[in-house]
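Structure first, commentary second.
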Amino acid sequence: MRTTVEFDADTARAIEAHRRERGLGVSEAVNELIRRGLLAQPDRATFRQRSAPLGVHVDVSSVADALEHLEGASSR
């Protein structure tokens, strides 16, 4: 596919540097950099469950009793 694209100054410098470094034409350099960007995996932050003592002890052997304890008798 042939199209005209205008690059910002910083991306044009990156393309030119990659092109010279690898001995490629502009199209080849752009395609390599696009593929590299498409394959990149974003860093994911590690999930950490935070908890805090609420001072409430709930027996969860009976779901109905636990809900009544947490939400009150009017929640039934």
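Couple of notes before you dig in:
- Verdict on ALA29 being surrounded by 10 or more Cβ atoms within 10 Å (Cβ to Cβ), part of a helix (DSSP H, G or I), modelled with pLDDT of 95 or more and hydrophobic (A, V, I, L, M, F, W, C): yes
- Residue ID - modelled with the highest pLDDT, chosen from residues in region 32-59 that are among the acidic types (Asp, Glu) and within 24 Å of the chain's Cα centre (by Cα): GLU32
- Residues that are touching a residue at least 12 places away in the same chain (Cβ under 8 Å) and in contact with a helix residue (DSSP H, G or I) (Cβ under 6 Å, 6 or more places away or on another chain), drawn from region 34-76: VAL58
- When residues of region 1-26 are limited to those that are loosely packed, with under 13 Cβ neighbours inside 10 Å and among the hydrophobic types (A, V, I, L, M, F, W, C), the one farthest from the chain's Cα centre (by Cα): MET1
The values are calculated or read from the model by the stated rules, or taken from the named source; none is laboratory data. On a predicted model such as this, the values are computed, not experimentally measured, just so you know. We place every Cβ from the backbone using ideal geometry, glycine too, and count neighbours over all the protein chains shown.
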